[in-house]
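The values are calculated or read from the model by the stated rules, or taken from the named source; none is laboratory data. Computed from a predicted structure; not experimentally measured. We place every Cβ from the backbone using ideal geometry, glycine too, and count neighbours over all the protein chains shown.
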């Protein structure tokens with residue numbers, strides 16, 4: 001087990017390193033733009049010289065890696081917020097993304113799993129058909145379409161919420177945890193949740209219907225358990241084996257967030273920072289964002305794989 | 001104990017051979033043989049949802065093919081700034097509500113302004129102004145319907161708020177334009193030929209005119225005060241006119257020294273041919289003069305003034321072309337890569353697996369962005385997008401082909417083929433590959449909605465810019481509408497509906513294919 005985990009971790013680090021290297025060279029090869037202001041130009045040029053931006057690219061790469069390991073310095077923002085360390089710019093934006101996505105998960109996980117269980121128990125009855133049809137609709141329709149729909153219905157038509165985009169930090173009293181801020185987050189949370197609920201529901205239903213037809217369910221019934229006892233004690237437990245890793249990966253995924261939802265609801269998160277960094281060609285931020293997204297993807301993959309071994313003792317990791 | 005062979009001793013001549021002197025053949029099958037694909041097709045047609053989805057996909061594809069064919073060339077490239085962002089309108093279905101109207105609230109002042117456009121359109125030299133009530137019958141009256149009239153108190157004064165449906169095409173009203181003298185004559189001839197009026201008298205610029213110099217100036221043909229309320233002149237003093245059905249606005253047209261209406265103003269240019277005239281046109285009829293048709297836009301117009309139905313069709317076409325191309329190329333690359341991996345195994349497999357392991361972990365959005373930043377200027381956005389999709393998209397296909405190859409490569413029939421001397425290539429493609437075809441086709445079809453979705457998302461976010469004058473993508477249409485859709489919902493609704501339909505139908509279609517190609521499900525539905 002430990003050997004397997006170590007092997008996976010090493011492989012992950014290798015992959016991460018290769019991707020980051022490719023990204024670094026691709027990004028540093030792009031031409032850099034100077035601002036219009038003459039004084040600023042001189043200042044920036046001096047900084048670039050000091051930071052070694054004019055040296056051969058392989059030397060730049062060495063400097064970049066050295067700075068990360070020695071000072072946790074991921075470069076500087078030259079456009080979005082001038083001369084601020086990139087890590088700091090990024091750090092400010094993780095919290096809003098995480099909060100919105102966390103709320104959405106708290107809302108959608110119980111609902112998704114609950115609906116999935118209900119549909120599986122009522123398999124091939126009308127309740128199942130209704131749920132399955134809605135799930136197909138919600139899985140297929142792009143998330144930005146819900147985003148427009150919830151904005152249109154709950155803000156422009158019904159006026160149930162006071163705003164169609166998220167409040168800025170200053171408007172909501174300087175904290176992401178105020179009630180006012182929460183109210184402004186309701187719409188993005190809803191827009192994020194529809195797809196998540198539908199996906200979880202479909203997955204749960206599929207897994208549970210499979211376990212419900214297994215032989216051990218028949219055994220459980222013959223030894224005298226009622227249908228609900230058998231379902232909760234045996235079928236659900238077994239169905240959870242693939243569902244739990246999926247939930248774990250969603251929890252890691254909340255760090256990344258959804259770019260399009262952040263853009264539509266103007267959430268000051270990681271995704272909108274990425275878009276800003278591309279539009280303004282702020283390369284150090286773009287690089288850091290790339291590192292961030294790659295790391296999240298890799299971590300989610302590895303954690304899911306390893307979690308199988310912990311959740312289900314029958315699965316022996318690393319065996320052929 | 002060995003069995004003794006019993007030789008039948010038949011000597012009796014009562015026996016005779018049953019089929020003596022008859023050549024025996026296998027009997028021909030009475031029923032039609034069913035191949036793998038035929039079988040899959042039959043199972044597919046049993047799935048009603050998938051069949052409906054397939055039909056809808058067919059309709060959308062037909063829409064994307066036929067609309068550009070039947071749209072006249074002058075409409076395809078037509079971008080009319082005055083008719084941008086308008087709702088659906090068609091004169092044939094006008095009474096059914098496809099009339100380009102938008103419901104808004106109006107005050108006395110703004111409602112008069114809308115009515116006045118209809119009144120002015122009925123202008124003739126004998127009777128320049130008609131009663132407001134009579135203008136309601138006019139073909140050019142933008143006010144279609146007043147749905148609600150409410151009295152509200154504002155401070156001490158009572159004001160009336162009207163909720164009215166206004167035809168936004170007719171509401172463009174009058175415009176001042178610059179034309180050459182020769183064109184002026186052409187318009188005159190066209191007017192006589194079609195019995196329609198395009199040219200209307202110019203408006204005087206005096207203390208009663210409003211909005212001089214603005215784009216709306218041509219619509220203020222009646223006398224107003226400085227707040228734009230209609231007035232009449234009583235003994236040299238302007239008196240406010242209250243809004244009523246019977247009101248007669250007081251015209252403020254420009255007249256020459258002999259008291260006739262002035263229809264053009266010379267603004268420059270030398271000879272008679274090139275002399276520039278400033279004229280006041282009824283834009284609706286000017287449009288008819290220019291393009292030989294009424295402004296009929298069944299889906300409205302987009303944010304720039306192109307015909308929405310044409311933009312939608314080209315958008316669907318572009319999105320589908322991207323999706324199908326990506327799916328095809330991924331199919332080919334994935335099949336070859338996976339086949340080599342799975343067939344040869346060992347070190348080859350290990351090395352190739354590591355490569356695809358690394359590639360699959362690069363977040364797609366970063367790949368697209370890097371491609372766009374590096375190559376968009378050289379080869380264009382479209383090619384960049386295709387390459388970005390292809391660079392990592394084949395990995396899924398490759399890994400499923402690889403698994404299938406591992407499953408089948410040690411089977412006896414492969415061994416038999418090898419014993420008979422078949423080459424590696426022949427074994428791979430003739431013997432093993434057909435086993436993977438079902439899963440491959442399913443996954444290739446399911447790639448299509450994924451590509452359509454991510455293309456629209458990338459266009460929406462502005463990472464990819466695919467739209468231009470001749471074509472656009474669905475995502476670009478959405479992105480153009482994103483800032484203004486709350487005021488002009490039709491800009492968002494139509495692309496969103498089409499894209500949702502495409503996504504739903506392709507997913508259903510793909511699921512149907514998966515069920516049909518998956519032989520494990522055989523018999524379970526009966």
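Values for this structure:
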| quantity | calculated |
| --- | --- |
| Lone unmet requirement of (1) within 12 Å of chain B (Cβ to nearest Cβ); (2) crowded, with 17+ Cβ neighbours inside 10 Å; (3) over 13 Å from the mean Cα position of the chain (by Cα) for residue A:261 | (3) |
| Hey, residue B:170 touching a helix residue (DSSP H, G or I) at 6+ places or on another chain (Cβ under 9 Å), within 27 Å of residue B:86 (Cα to Cα) and surrounded by fewer than 16 Cβ atoms within 10 Å (Cβ to Cβ) or not | no |
| Sole residue being out of contact with any strand residue (DSSP E or B) (no Cβ under 9 Å at 6 or more places or on another chain) and in a helix (DSSP H, G or I), chosen from B:18, B:64 | B:64 |
| Members of segment B:399-439 that are assigned to a loop (DSSP other than H, G, I, E, B) and either touching a residue at least 24 places away in the same chain (Cβ under 8 Å) or touching a strand residue (DSSP E or B) at 6+ places or on another chain (Cβ under 6 Å) (or both) | B:409 |
| Near pairs, Cβ below 6 angstrom, 6+ apart or cross-chain, from segment A:44-71 (in contact (Cβ under 8 Å) with a residue 40 or more places away in the chain) to any residue that is surrounded by 13 or more Cβ atoms within 10 Å (Cβ to Cβ) and in a helix (DSSP H, G or I) | A:61/A:24 |
| Qualifying residue in segment A:250-258 (condition: within 12 Å of the chain's Cα centre (by Cα), modelled with pLDDT of 90 or more, surrounded by 18 or more Cβ atoms within 10 Å (Cβ to Cβ) and within 23 Å of residue B:462 (Cα to Cα)) | no |
| Count of segment B:357-395 residues which are assigned to a helix (DSSP H, G or I) and more than 14 Å from every other protein chain (Cβ to nearest Cβ) | 9 |
| Residues located in segment B:466-490, provided they are within 11 Å of another protein chain (Cβ to nearest Cβ) and either in contact with a strand residue (DSSP E or B) (Cβ under 8 Å, 6 or more places away or on another chain) or not in a loop (DSSP other than H, G, I, E, B) (or both) | B:474, B:475, B:478, B:479, B:481, B:489 |
| Of residues in segment A:10-54 being within 22 Å of residue A:306 (Cα to Cα) and loosely packed, with under 13 Cβ neighbours inside 10 Å, the one nearest to the other protein chains (Cβ to nearest Cβ) | A:17 |
| Condition check for residue A:107: surrounded by fewer than 18 Cβ atoms within 10 Å (Cβ to Cβ), touching a helix residue (DSSP H, G or I) at 6+ places or on another chain (Cβ under 8 Å), within 30 Å of residue A:177 (Cα to Cα) and more than 14 Å from chain B (Cβ to nearest Cβ) | yes |
| Residue check, residue B:28 outside any helix (DSSP H, G or I) and under 30 Å from residue B:243 (Cα atoms) | no |
| The listed residue being in a loop (DSSP other than H, G, I, E, B) and under 23 Å from residue B:240 (Cα atoms), out of B:127, B:86 | B:127 |
| Condition check for residue A:124: in a loop (DSSP other than H, G, I, E, B), within 14 Å of another protein chain (Cβ to nearest Cβ) and surrounded by 18 or more Cβ atoms within 10 Å (Cβ to Cβ) | no |
| Count of residues meeting criterion [under 14 Å from residue B:476 (Cα atoms), assigned to a loop (DSSP other than H, G, I, E, B) and in contact with a helix residue (DSSP H, G or I) (Cβ under 8 Å, 6 or more places away or on another chain)] in segment B:287-309 | 3 |
| Odd one out for residue A:145 among (1) more than 22 Å from residue B:484 (Cα to Cα); (2) within 13 Å of another protein chain (Cβ to nearest Cβ); (3) free of Cβ contacts under 8 Å to residues at least 24 places away in the same chain | (1) |
| Any hit, segment A:287-310, residues being assigned to a loop (DSSP other than H, G, I, E, B), more than 9 Å from chain B (Cβ to nearest Cβ) and over 17 Å from residue A:78 (Cβ atoms) | no |
| Residue satisfying condition, being more than 30 Å from residue A:275 (Cβ to Cβ) and modelled with pLDDT under 90, within set B:437, B:373, B:420 | B:437 |
| Enumeration of residues in segment B:448-465 that are surrounded by fewer than 22 Cβ atoms within 10 Å (Cβ to Cβ), more than 10 Å from chain A (Cβ to nearest Cβ) and either farther than 19 Å from residue B:397 by Cα or touching a helix residue (DSSP H, G or I) at 6+ places or on another chain (Cβ under 6 Å) (or both) | B:465 |
| From the options B:242, B:201, residue that is touching a residue at least 12 places away in the same chain (Cβ under 8 Å) and within 22 Å of residue B:157 (Cβ to Cβ) | B:242 |
| Test: residue in segment B:492-501 that is touching a residue at least 24 places away in the same chain (Cβ under 8 Å), surrounded by 20 or more Cβ atoms within 10 Å (Cβ to Cβ), within 11 Å of residue B:312 (Cβ to Cβ) and at the interface with chain A (Cβ under 7 Å from one of its Cβ atoms) | yes |
| Residues of segment A:264-283 classified as assigned to a helix (DSSP H, G or I) and either within 17 Å of residue A:107 (Cα to Cα) or more than 8 Å from every other protein chain (Cβ to nearest Cβ) (or both), total | 7 |
| Pair list, Cβ under 8 Å, 6 or more apart: segment B:140-157 residue in contact (Cβ under 8 Å) with a residue 60 or more places away in the chain, other residue surrounded by 10 or more Cβ atoms within 10 Å (Cβ to Cβ) and part of a strand (DSSP E or B) | B:140/B:282 |
| Test: residue A:165 is within 13 Å of another protein chain (Cβ to nearest Cβ), in contact with a helix residue (DSSP H, G or I) (Cβ under 9 Å, 6 or more places away or on another chain) and farther than 17 Å from residue A:194 by Cβ | yes |
| Qualifying position, being outside any strand (DSSP E or B), over 30 Å from residue B:70 (Cα atoms) and in contact (Cβ under 8 Å) with a residue 12 or more places away in the chain, among B:320, B:312, B:249, B:325 | B:249 |
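Residues checked against (1) modelled with pLDDT of 85 or more; (2) farther than 29 Å from residue A:251 by Cα:
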site: A:25; (1), (2): yes, yes
site: A:31; (1), (2): no, yes
site: A:56; (1), (2): yes, yes
site: A:89; (1), (2): yes, no
